[in-house]
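Participant: What follows is a structure written as structure tokens; I'll ask about it next.
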Amino acid sequence: MLATSPVKSWHCGTASTGYLKEGTSALPSSPGDEVEIATVCFHCSSSDPCYWTTAIKIKKCSNFWIFKLPEVPYCTLGYCGQQQ
């Protein structure tokens, strides 16, 4: 599961941390072919927790989600996960 709120810089093994932007498409609730497009923000400073963004795809499978994550826009960015 991707983090759903900003994660401080220099966590998750990267300088600028990526998390699912609040208010973007909700996670799909039913398994099937439905794919949601959502936005990931990359936090690089306390003044702008969404300095860079990228679009991702999310699909629901039985009791978990699959996230299609593209390469990050810059090498100092990385996606952060969280436990459910």
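The values are calculated or read from the model by the stated rules, or taken from the named source; none is laboratory data. Not measured: the values here are computed from a predicted model. Glycine also receives a Cβ, built like all others from the backbone with ideal geometry; neighbour counts cover every protein chain displayed. Accessible surface areas use protein heavy atoms only, side chains included; no ligands, DNA or RNA. Shrake-Rupley method; radii C 1.70, N 1.55, O 1.52, S 1.80 Å.
Participant: Cut-off under 19 Å on the C-alpha distance; same-chain residues fewer than 8 positions from Lys8 excluded. Which aspartates and glutamates are left, in chain and number order?
Facilitator: Hits, sequence-local ones excluded: Glu22, Asp48.
Participant: Shifting gears a bit: Under 27 Å from the Cα of Lys60, which lysines turn up, not counting those fewer than eight places away in the same chain?
Facilitator: The reachable lysines, counting only those whose Cα sits under 27 Å from Lys60, are Lys21, Lys68.
Participant: Can I ask one more? In the chain, which Cys residues have no partner Cys with a Cβ closer than 4.7 Å?
Facilitator: Cys44, Cys61, Cys75
Participant: Can you compute 3J(HN,Hα) from phi for each residue in the stretch 73-78, using the Karplus curve 6.51 cos²θ - 1.76 cosθ + 1.60 with θ = phi - 60°, rounded to whole Hz and x for Gly and Pro?
Facilitator: x, 9, 5, 8, 9, x
Participant: Here is a further query. How much accessible area does Ser30 have with a 1.4 Å probe, in Å² rounded to the nearest 10?
Facilitator: It works out to around 60 Å².
Participant: Leaving ligands and nucleic acids out of the surface, order Lys8, Lys59 by accessible area at 1.4 Å, largest first. Display every interim value, and only then the final one.
Facilitator: Working: Lys8 150, Lys59 70 Å².
Descending order: Lys8, Lys59.
Participant: Using a 1.4 Å probe, what is the accessible area per residue for the chain, in Å²?
Facilitator: On a per-residue basis, 62 Å².
Participant: Please report, in whole Å, how far the alpha carbons of the chain spread along each principal axis, starting with the longest.
Facilitator: 37, 22, 21
Participant: A further question follows. On the accessible surface of the chain, probed at 1.4 Å, how many percent belong to carbon and sulfur atoms?
Facilitator: 52 percent
Participant: Scan around Tyr79 for amide H atoms under 5 Å from its own, H built in the peptide plane at 1.01 Å from N, and keep only partners 5 or more places away or cross-chain.
Facilitator: Gly18
Participant: Amide H to amide H, which residues 5 or more places from Ser5 or on other chains are under 5 Å from it, using H placed in the peptide plane?
Facilitator: Under 5 Å from the amide H of Ser5: Leu20.
Participant: I've got another one for you. Which order do the peptides 67-77, 32-42 come out in when sorted by mean C-beta neighbours inside 10 angstrom, highest first?
Facilitator: Values: 67-77: 12.9, 32-42: 15.9.
So the peptides 67-77, 32-42, ranked by packing, come out 32-42, 67-77.
Participant: Trp65 to Trp10: FRET efficiency via 1/(1 + (r/R0)^6), r the Cβ-Cβ distance, R0 41 Å, to the nearest 0.05?
Facilitator: The pair Trp65/Trp10 has a calculated efficiency of 0.95.
Participant: So if I place +1 on the C-beta of Lys and Arg and -1 on the C-beta of Asp and Glu, and nothing else carries charge, what would the dipole magnitude of the stretch 2-68 be about its Cα centre? I want it in debye, nearest 20. Working shown, then result.
Facilitator: On the way: 6 positive and 5 negative charges, 29 e Å.
Here the size comes out at about 140 debye.
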